[in-house]
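The values are calculated or read from the model by the stated rules, or taken from the named source; none is laboratory data. Because the structure is a prediction, the values reported are computed rather than measured. Glycine also receives a Cβ, built like all others from the backbone with ideal geometry; neighbour counts cover every protein chain displayed.
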Amino acid sequence: MWPGSSRQLEELQRTLALQWHSEPAWHPPPDRPPRVGAAFAASPRGLVGTGAAGDPAWVAAVVCIHGRLVRSSVLSGRFDSPYIPGQLALREGRLLHEAVRALGDTLDVLMVNATGRDHPRGAGLAIHLGAACHLPTIGMTDRPLLASGPEPGIQRGAAAELRLESELVGYRLRTRTGVRAAVVHVGWRVDPDTACKLVLDVTRASRTPEPLRQARRLARACRSHDSVLA
């Protein structure tokens, strides 16, 4: 599921983009709070939008219920490829997959810091990871990759559509009043409206949804620990 070359990845992305249309939609369970997971890969400090194959990586995956951390896994390794826009799965995918698998069968839906349908081939890492893990997914980023749309209102919960070639691929969503909007991406088996509602439900005091905030915190804590030991 994690190809070894750019050409193989692009072929798989096109296949997943087609398969995405026929997958059944997921919705939160009606009789209990959803077990919301998240996965995050931290790079060495200073590598923002850059990076080479073999760079150290610190990866965490978590499960939260009602915003409370109930399970986590943390691992360290090395990224498989350089950072290339549109090919994040080649760099981070295998490591994120390993961290999520270590959680076992304990989550209903997964959040990841990546795009979904907002992608040159219609299948960013949020979709790829969902298919690999057999889990519904939601992508979260600071900005769109290719899609465009207006800014939402300033109140918490305000949302504005993001479209790519007329397809609704996500929303700009104001998770806190007056802070910069986050981008919620269509992922694997999760439609944009369901994604927005769930993101708001699991966002507390931070701008970032609590599961993703916890995964990021643990990955960075692991990085700091290793830096002290080095």
Any hit, region 9-26, residues being farther than 26 Å from residue 190 by Cβ, outside any loop (DSSP other than H, G, I, E, B) and touching a residue at least 60 places away in the same chain (Cβ under 8 Å): no
Among the candidates 184, 190, which residue alone is free of Cβ contacts under 8 Å to residues at least 60 places away in the same chain, within 20 Å of residue 127 (Cβ to Cβ) and either surrounded by fewer than 19 Cβ atoms within 10 Å (Cβ to Cβ) or touching a Gly at 6+ places or on another chain (Cβ under 9 Å) (or both)? 184
Only unsatisfied item for residue 38, checking (1) within 23 Å of residue 14 (Cβ to Cβ); (2) of a type outside the set (Asp, Glu); (3) not in a loop (DSSP other than H, G, I, E, B), is (1)
Selection over region 1-40 where residues are among the aromatic types (Phe, Trp, Tyr) and either more than 21 Å from residue 200 (Cβ to Cβ) or at pLDDT below 95 (or both) yields a count of 2
Within region 172-217, residues over 24 Å from residue 61 (Cα atoms) and either in contact with a helix residue (DSSP H, G or I) (Cβ under 6 Å, 6 or more places away or on another chain) or assigned to a strand (DSSP E or B) (or both) come out as 172
Within region 145-165, is there a residue that is assigned to a strand (DSSP E or B) and of a type in the set (Asp, Glu)? yes
When you check residue 82 against the structure, is it in contact with a helix residue (DSSP H, G or I) (Cβ under 8 Å, 6 or more places away or on another chain) and free of Cβ contacts under 8 Å to residues at least 60 places away in the same chain, yes or no? yes
Could you say which residue among 149, 124, 178 is under 20 Å from residue 84 (Cα atoms) and either without any contact (Cβ under 8 Å) to a residue 24 or more places away in the chain or not charged (D, E, K, R) (or both)? 124
Candidates 144, 85 - the one that is modelled with pLDDT under 95 and closer than 23 Å to residue 208 by Cα: 85
Which residues, counting only those in region 140-167, are among the hydrophobic types (A, V, I, L, M, F, W, C) and exposed (fewer than 14 other Cβ atoms within 10 Å of the Cβ)? 154
